[in-house]
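S.K.: Can you keep this structure in mind? I'll have questions shortly.
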Amino acid sequence: MAGALPLLSLVRRAADSDIFYSFRRSPMTVAAAAMTLVFVVGAVFAPWLAPHDPFESVTVQLLDAFTPPLWEARGDPRFLIGTDDQGRDVLSVIMYGSRISLMVGFAAVIFSMVLGVSLGVLSGYAGGLTDAIIMRLADVKLTLPGILVALMVDGIARAAMPREMHDALAIYVVIFAIGISGWPQYARVTRGATMVEKNKEYVAAARVIGLHPVTIMFRHVLPNVMGPVLVLATLGLALAIIAEATLSFLGVGVPATTPSLGTLIRIGNSFLFSGEWWITLFPSLALVLLALSVNLLGDWLRDALNPKLR
């Protein structure tokens, strides 16, 4: 009972905070958070919540292929929004596909953030030649479209790997390709904040007592520059999910046997003009709603963490 009191106090303090007040007074943000939560819960618990298992060959019947949504004349009550060309339930495949898209998006953002923040803090704190080299690399990267860099990295990785390993390592290649294309934004934001923080008194005091520069950078400066980085990561998640869908739609992302949202859209696009519109429409709507919800949360977080906009 005594251990629950600090937790209850922490919850009350969070409920009374300015950020939670800003969240409650924005219906759009609440709706976006609810939609994001639906996608995350549906993706994480897909094996238990999905009406059918799209990987179970016993339950997937080819005779059920191209079944339209329930409200159509040939609809089947077992398949709420229809089936695809393999007889898989579209709703179940979307839930499993969201799982892959969210996993790739989160992993790519974490990779970009770790790489970009590390280089940004080093660049801003060290200055001089180190700063010039890192920032010129970032400038070169920013002149190239992110999807073009991801395509190039994906192509180089596939050429370097044995063909039999392509499908096994495809997800890791996509994560690396998307992550390596997004680090300059984190580096530039972190560098600017670090240049401000390194001139403050607590950094000077850390130098006086003889702390190593690496300790000062990552134990003292880094926690004070993470606010803008978290906002950028939230916005970057939506971009990473869209980038994965784009790569998979182009056929160079996750393998066709792995149902990410981009793969589902690409497969459904082949049947769009033959009348099976639901195979591509519903995965497309899921991708739009997921990206839009995450973007709205990022916009709210940016405003909530900026005291000038409160």
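The values are calculated or read from the model by the stated rules, or taken from the named source; none is laboratory data. Keep in mind it's a predicted model, so treat the numbers as computed, not measured. As a convention, Cβ positions derive from the backbone with ideal geometry for all residues, glycine included, and neighbour counts pool all protein chains shown. Calculation scope for accessible area: heavy atoms of the full protein, side chains included, ligands and nucleic acids excluded. Shrake-Rupley method; radii C 1.70, N 1.55, O 1.52, S 1.80 Å.
S.K.: Just one of D154, D167 is within 23 Å of M103 (Cα to Cα), open to solvent by less than 40 Å² (accessible area, probe 1.4 Å) and charged (D, E, K, R); which is it?
M.R.: Selected residue: D154, the only one of D154, D167 that is within 23 Å of M103 (Cα to Cα), open to solvent by less than 40 Å² (accessible area, probe 1.4 Å) and charged (D, E, K, R).
S.K.: Could I ask something else about it? Among the residues of segment 248-267, what is the count of those that are of a type outside the set (V, I, T) and over 24 Å from L91 (Cβ atoms)?
M.R.: Number satisfying all stated conditions: 2.
S.K.: Same structure, new question: Within segment 208-221, take every residue that is in contact with a helix residue (DSSP H, G or I) (Cβ under 6 Å, 6 or more places away or on another chain) and in contact (Cβ under 8 Å) with a residue 24 or more places away in the chain and give me the one that is farthest from I147 (Cα to Cα). Even if it seems obvious, please write down each step before you answer.
M.R.: Step one: list which residues in segment 208-221 are in contact with a helix residue (DSSP H, G or I) (Cβ under 6 Å, 6 or more places away or on another chain), which gives 216-217, 220-221.
Now narrow it down to the ones that are in contact (Cβ under 8 Å) with a residue 24 or more places away in the chain: 216-217, 221.
Details: I216: 36, M217: 32, V221: 32 Å.
Checking each candidate, the answer is I216.
S.K.: Let me ask you something else. Give segment 45-70 a look and list any residue that's without any contact (Cβ under 8 Å) to a residue 24 or more places away in the chain, surrounded by 14 or more Cβ atoms within 10 Å (Cβ to Cβ) and among the small types (G, A, S), or say none.
M.R.: Scanning segment 45-70 gives a single hit, A65.
S.K.: Taking Y172 as the residue in question, decide whether it is open to solvent by 40 Å² or more (accessible area, probe 1.4 Å) and under 23 Å from L237 (Cβ atoms).
M.R.: yes
S.K.: Working carefully through the options G87, G146, find the one that is crowded, with 19+ Cβ neighbours inside 10 Å and touching a helix residue (DSSP H, G or I) at 6+ places or on another chain (Cβ under 7 Å).
M.R.: Result of the check over G87, G146: G146.
S.K.: Hey, R163 hits all of (1) out of contact with any Ser or Thr (no Cβ under 6 Å at 6 or more places or on another chain); (2) among the basic types (K, R); (3) in contact (Cβ under 8 Å) with a residue 24 or more places away in the chain but one; which does it fall short on?
M.R.: Result: R163 fails condition (3) only.
S.K.: A follow-up question, please. Mind listing whichever residues of segment 191-228 are more than 27 Å from R136 (Cα to Cα) and assigned to a helix (DSSP H, G or I)?
M.R.: Across segment 191-228, the qualifying residues are E201, Y202, A204, A205, A206, R207, V208.
S.K.: Something else: Given the conditions (1) farther than 17 Å from A126 by Cβ; (2) at pLDDT below 85, report the number of the one that I241 does not fulfil.
M.R.: All conditions pass for I241, except number (2).
S.K.: If a residue has to be in contact with a Ser or Thr (Cβ under 6 Å, 6 or more places away or on another chain) and not in a loop (DSSP other than H, G, I, E, B) to count, how many in segment 257-273 make the cut?
M.R.: 7
S.K.: Go through segment 20-33 and give me each residue that's open to solvent by 60 Å² or more (accessible area, probe 1.4 Å) and either under 10 Å from A304 (Cβ atoms) or at pLDDT below 75 (or both).
M.R.: The answer is F20, Y21.
S.K.: Ok, one more. Given the options R219, R310, R207, R266, name the one that is basic (K, R) and modelled with pLDDT under 85.
M.R.: None of the others qualify; the one that does is R310.
S.K.: Quick check on R136: is it at pLDDT below 90 and part of a helix (DSSP H, G or I)? Spell out the reasoning first.
M.R.: Numbers: at pLDDT below 90: no; part of a helix (DSSP H, G or I): yes.
It is false that R136 is at pLDDT below 90 and part of a helix (DSSP H, G or I).
S.K.: Moving on to the next point. Out of all the residues in segment 119-137, which are over 12 Å from G192 (Cβ atoms), crowded, with 17+ Cβ neighbours inside 10 Å and free of Cβ contacts under 8 Å to residues at least 60 places away in the same chain?
M.R.: I134 - this is the single residue of segment 119-137 that is over 12 Å from G192 (Cβ atoms), crowded, with 17+ Cβ neighbours inside 10 Å and free of Cβ contacts under 8 Å to residues at least 60 places away in the same chain.
S.K.: Go through the residues of segment 253-262 one by one and say whether even a single one is open to solvent by 40 Å² or more (accessible area, probe 1.4 Å) and of a type outside the set (A, V, I, L, M). I'd like the intermediate steps shown before the answer.
M.R.: Applying the first criterion (open to solvent by 40 Å² or more (accessible area, probe 1.4 Å)) to segment 253-262 yields 256-257.
If we keep only those that are of a type outside the set (A, V, I, L, M) as well, we get 257.
Checked against the condition, which is being open to solvent by 40 Å² or more (accessible area, probe 1.4 Å) and of a type outside the set (A, V, I, L, M), segment 253-262 yields at least one hit.
S.K.: Of the residues E276, E244, which is assigned to a loop (DSSP other than H, G, I, E, B) and under 29 Å from E56 (Cβ atoms)?
M.R.: E276
S.K.: Only residues that are of a type in the set (A, V, I, L, M), touching a residue at least 24 places away in the same chain (Cβ under 8 Å) and open to solvent by 30 Å² or more (accessible area, probe 1.4 Å): list them for segment 268-308, please.
M.R.: L289, L292, L296, L297, L301, L305
S.K.: Another question, if that's okay. Any idea which of (1) small (G, A, S); (2) farther than 23 Å from L285 by Cβ; (3) open to solvent by 20 Å² or more (accessible area, probe 1.4 Å) is the one S112 doesn't satisfy?
M.R.: For S112, the failing item is (3).
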